[in-house]
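S.K.: To start, I am sharing the structure in question, which I have written as structure tokens.
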Amino acid sequence: MSASKREKFILCLAAIAPAAANAGICEMQSASERTHLVELYTSEGCNSCPPAEKWMSSIRDKQGLVGLEFHVDYWDSPAWHDPYARPAWARRQQAKAQRARAQVYTPQIWLDGKLWKNWPKGDPPGATQAVSAQVPFTLRVAAETGDGIEVRLQASAAENPEHKRFYVALTENRLAQEISGGENKGRHLEHDQVVRDLQGPLRLPQAQAELKVPAAMAWANAAVVAFVQDEDDGETEQVLRLPLTECK
């Protein structure tokens, strides 16, 4: 990554408690150019979804892209319950579709708040082009060994801040399931960038939130993703991703 695209820094500060292996405080500042946010709405109960999830895994470490894989609950049935699904993720998808006058379906991918219908033909549109950050902000994470992660957000400037909101997510990579029922019965599914918790909308310019840590989460595979969204048009204006491995 070039120096111009690395105008952000991660500062690992003193540990909260020396005896806590996962305890630490990290701070990350946005760059003058922003990355792109890719949202996938999917389900383990949907047999057309694994290719989209495989594609999401392929961009996990790709420069300029940050992914959020939301597992929706409307595919759940007595035959199979997706352990990563939440009704809130389905409501988020429905709100996005309503704003864009689009249908709700899976797999469905949104790029920077806009529906992307023809994935994955090459890179997402505009992903290789530099985009100026509209809302510079700082993300501060206190990673703890308990069931919560404290997050603080500070925006330095924003046009029409009354229309903009912070969101912050906890994601996990390298999840896997042996599916014993439903449309994917008998398949081994692997997932990356799965949303385990999401807090927002939170008002600018300052906000704080606590992300719930699910049982048995692998800290080495987890990250905090913070972004600014325009609530009028749903577009993403800034994104930061901070791996929890940086918080030592």
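The values are calculated or read from the model by the stated rules, or taken from the named source; none is laboratory data. Keep in mind that this is a model prediction, so the values were computed, not measured. With ideal geometry, Cβ positions are generated from the backbone for all residues, glycine too; neighbour counts draw on all protein chains shown.
S.K.: Within the bounds of segment 147-170, is there any residue that is in a loop (DSSP other than H, G, I, E, B), closer than 30 Å to C46 by Cβ and at pLDDT 95 or above?
M.R.: No; the residues of segment 147-170 include none that is in a loop (DSSP other than H, G, I, E, B), closer than 30 Å to C46 by Cβ and at pLDDT 95 or above.
S.K.: Just to confirm my filter: which strands (runs of 3 or more DSSP E) fall fully inside segment 202-248 and include at least 3 residues that are hydrophobic (A, V, I, L, M, F, W, C) and out of contact with any Lys or Arg (no Cβ under 7 Å at 6 or more places or on another chain)?
M.R.: Values: elements: 206-212, 222-230, 236-243.
The qualifying strands (runs of 3 or more DSSP E) are 206-212, 222-230.
S.K.: Follow-up question, since we're still on this one. Find the residue count for segment 37-59, including only residues that are closer than 19 Å to D197 by Cβ and assigned to a loop (DSSP other than H, G, I, E, B).
M.R.: Qualifying residue count for the region: 2.
S.K.: Check segment 65-88 and report whether any residue there is modelled with pLDDT under 95 and either assigned to a loop (DSSP other than H, G, I, E, B) or touching a helix residue (DSSP H, G or I) at 6+ places or on another chain (Cβ under 6 Å) (or both).
M.R.: For segment 65-88, residues modelled with pLDDT under 95 and either assigned to a loop (DSSP other than H, G, I, E, B) or touching a helix residue (DSSP H, G or I) at 6+ places or on another chain (Cβ under 6 Å) (or both): absent.
S.K.: Right, next: Name the pairs whose Cβ atoms lie under 6 Å apart, with the first residue in segment 217-243 and closer than 19 Å to P201 by Cα, the second of a type in the set (V, I, T) and part of a loop (DSSP other than H, G, I, E, B), and 6 or more positions between them or separate chains?
M.R.: V228/V135; E237/V135; Q238/V135; V239/T35
S.K.: Restricting to segment 89-112, give me the number of residues that are more than 15 Å from the chain's Cα centre (by Cα) and in a loop (DSSP other than H, G, I, E, B).
M.R.: 7
S.K.: Within segment 223-231, is there a residue that is surrounded by fewer than 20 Cβ atoms within 10 Å (Cβ to Cβ), within 27 Å of V131 (Cβ to Cβ) and at pLDDT below 95?
M.R.: yes
S.K.: Considering (1) closer than 18 Å to T171 by Cβ; (2) at pLDDT below 90, say which one E53 fails and leave the rest.
M.R.: (2)
S.K.: From the list S48, S32, pick out the single residue that is modelled with pLDDT under 90, in contact with a Ser or Thr (Cβ under 9 Å, 6 or more places away or on another chain) and over 26 Å from P214 (Cα atoms).
M.R.: S32
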